[in-house]
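Remarks on the structure that follows.
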4 protein chains.
Amino acid sequence: MTIKTNYQVHFYDTDTMGVVHHSNYIRWFEIGRVEYLRNINVDLNEMMADGILFPITKVEAQFHSPAHFDDILEIETTATALTKAKMEFEYKVFRRGEDKVLVTGFTQNVFTNKETGKITRLPDKFYELMK
Amino acid sequence: MTIKTNYQVHFYDTDTMGVVHHSNYIRWFEIGRVEYLRNINVDLNEMMADGILFPITKVEAQFHSPAHFDDILEIETTATALTKAKMEFEYKVFRRGEDKVLVTGFTQNVFTNKETGKITRLPDKFYELMK
Amino acid sequence: MTIKTNYQVHFYDTDTMGVVHHSNYIRWFEIGRVEYLRNINVDLNEMMADGILFPITKVEAQFHSPAHFDDILEIETTATALTKAKMEFEYKVFRRGEDKVLVTGFTQNVFTNKETGKITRLPDKFYELMK
Amino acid sequence: MTIKTNYQVHFYDTDTMGVVHHSNYIRWFEIGRVEYLRNINVDLNEMMADGILFPITKVEAQFHSPAHFDDILEIETTATALTKAKMEFEYKVFRRGEDKVLVTGFTQNVFTNKETGKITRLPDKFYELMK
């Protein structure tokens, strides 16, 4: 399954070179990831309330072509692993209506116990939604 | 008392108009404010651990002249009110070595109970440091 | 005229106190402002291409109540002055479906010549759209 | 050569999980990279004035352990390739005074012609400094 989300570039996303600052795509991957999980009814507020955090452990991104102020971007998010130990997603960012991929990316989250900070396994109530 | 802190402008602070995005000065006021409190031995981690939060309730800023990538800025922070009910600070931002003020600002924090979210009065242990 | 825009709060908008960091509302005022201008067909890319910039000269905000991760916010933007010399807007931020205003704000932009950095007057082609 | 830079974590760098938001490390890699280049007398403002941009083409990061508000971080930046075609850097982020690495990372920049957006080769005046 691939989830598409839109994002219109703001002035505060751009930098003095006239393009979107690369760090913002890392943030927008989060928009895609959260929307993906919302689509399969995984409620991250509930997960936090249950004492489970989901820190990012890896990020990779390749920047092929720049985006600019006011561009409408499409973020395509695909889950490549959703297990009791980790969530992995891949991302492709396009300018709306164009075929050329601007940015590709990958992230990995693990699950940790909020109190101890230690790695934990995802409870079934959430895992059942992810399978 | 006035506390001076330095900040060198990064690419990610600028926007496509070639200048620092105005929202960042609001963030840098926080740098000045935290440094001011550190100077009078007010430990914000201790305050949070004691269940007291200090949300911002007002911000004002006037932007007189722009700053650019790599500029070294000086933030001058002055407390104008430090009571059991609120903290108020004024800010002036300069480019290092210049007299012209680039940005002026004002902020107000109040104190709230972390559990209830309600307004609270600052305990003496912190207030004694602020007097 | 009042323009409404929506914004769903991301993790990267929140801070360790569990609420939206106040500086982000200043950024979201920009979302409202740009959308307002888009609605009256003022094209900011065209304005920049014509050598006219529109720096923010004043910001004011009052923070009444916090927002949290995943909240859907509504930003109401109203123009209070659109002249050849300046643009002034007022903002109200709500949580969707609630009457209580979370944040109120005000901004002022002026127009400057991109080359000289000096204050300029807005050309008629843009001003006609704003009247 | 390895360059060390310090960064003290602000509230606006943290998120509702109580830790630094991972996207900020990507920004702090930039602090290390710019400081590295400053140390070898490469002036990025001069490079931009000469019509050469240096967009990021790849970012990788591994997040091993979280940082928190007020932590003083040390960013160690090492150049692994500085050629006429690209700059590659590796990063390690520590909490000051501790041995455990919190975050590791890698970035690649290429050089482009500001006007055409096309890949270009770095002029000798800059390359001589990098050798």
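Here are a few things to note about the model shown:
- Against the numbered list (1) of a type in the set (D, E, K, R); (2) within 11 Å of chain A (Cβ to nearest Cβ); (3) in a helix (DSSP H, G or I), D:Arg38 comes up short only at (2).
- Conditions (1) in contact with a Phe, Trp or Tyr (Cβ under 9 Å, 6 or more places away or on another chain); (2) touching a residue at least 40 places away in the same chain (Cβ under 8 Å); (3) of a type in the set (Lys, Arg): number failed by C:Lys114: (1)
- Being within 26 Å of A:Asp70 (Cα to Cα), touching a residue at least 12 places away in the same chain (Cβ under 8 Å), aliphatic (A, V, I, L, M) and not in a helix (DSSP H, G or I) is true of A:Leu102.
- Among the residues of the stretch A:1-14, just one is within 15 Å of the chain's Cα centre (by Cα), within 11 Å of another protein chain (Cβ to nearest Cβ) and under 30 Å from C:Leu53 (Cβ atoms), namely A:Tyr7.
- Of A:Phe111, A:Phe69, A:Phe94, all but one fail to be aromatic (Phe, Trp, Tyr), more than 29 Å from C:Ala67 (Cα to Cα) and touching a Leu at 6+ places or on another chain (Cβ under 8 Å); the exception is A:Phe94.
- Members of the stretch D:92-131 found to be of a type in the set (Lys, Arg), surrounded by fewer than 15 Cβ atoms within 10 Å (Cβ to Cβ) and closer than 22 Å to A:His21 by Cβ, listed by number: D:Lys118
- Some residue of the stretch D:15-29 being within 19 Å of A:Ile56 (Cβ to Cβ), part of a helix (DSSP H, G or I) and away from chain C (no Cβ under 14 Å): yes
- The set of residues in the stretch D:94-131 that are small (Gly, Ala, Ser) and more than 16 Å from D:Met48 (Cβ to Cβ) comprises D:Gly97, D:Gly105.
- Single condition C:Asn45 does not satisfy, out of (1) within 12 Å of another protein chain (Cβ to nearest Cβ); (2) without any contact (Cβ under 8 Å) to a residue 60 or more places away in the chain; (3) closer than 21 Å to C:Lys118 by Cβ: (3)
- Scanning the stretch D:15-45 for residues being within 30 Å of A:Leu53 (Cβ to Cβ) and surrounded by fewer than 16 Cβ atoms within 10 Å (Cβ to Cβ) gives a total of 0.
Table: residues versus (1) hydroxyl-bearing (Ser, Thr, Tyr); (2) within 14 Å of chain B (Cβ to nearest Cβ); (3) over 21 Å from D:Gly105 (Cβ atoms).
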| site | (1), (2), (3) |
| --- | --- |
| A:Ile75 | no, no, yes |
| A:Thr78 | yes, no, yes |
| A:Ala81 | no, no, yes |
| A:Lys100 | no, no, yes |
| A:Phe106 | no, no, no |
| A:Val110 | no, no, no |
| A:Gly117 | no, no, yes |
| A:Thr120 | yes, no, yes |
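- Subset of the stretch B:48-61 [at the interface with another protein chain (Cβ under 7 Å from one of its Cβ atoms) and among the hydrophobic types (A, V, I, L, M, F, W, C)]: B:Leu53, B:Ile56, B:Val59, B:Ala61
- Residue within the stretch B:26-37 that is out of contact with any strand residue (DSSP E or B) (no Cβ under 7 Å at 6 or more places or on another chain), under 19 Å from C:Arg27 (Cα atoms) and at pLDDT 95 or above present: yes
- Residue match in the stretch B:122-130 (condition: assigned to a loop (DSSP other than H, G, I, E, B) and of a type in the set (A, V, I, L, M, F, W, C)): yes
- Matching residues, the stretch D:79-100, being under 12 Å from the mean Cα position of the chain (by Cα) and aromatic (Phe, Trp, Tyr): D:Phe89, D:Tyr91
The values are calculated or read from the model by the stated rules, or taken from the named source; none is laboratory data. Note that this is a predicted model, so its numbers are computed, not measured. Here Cβ is always computed from backbone atoms with ideal geometry, including for glycine, and neighbour counts include all displayed protein chains.
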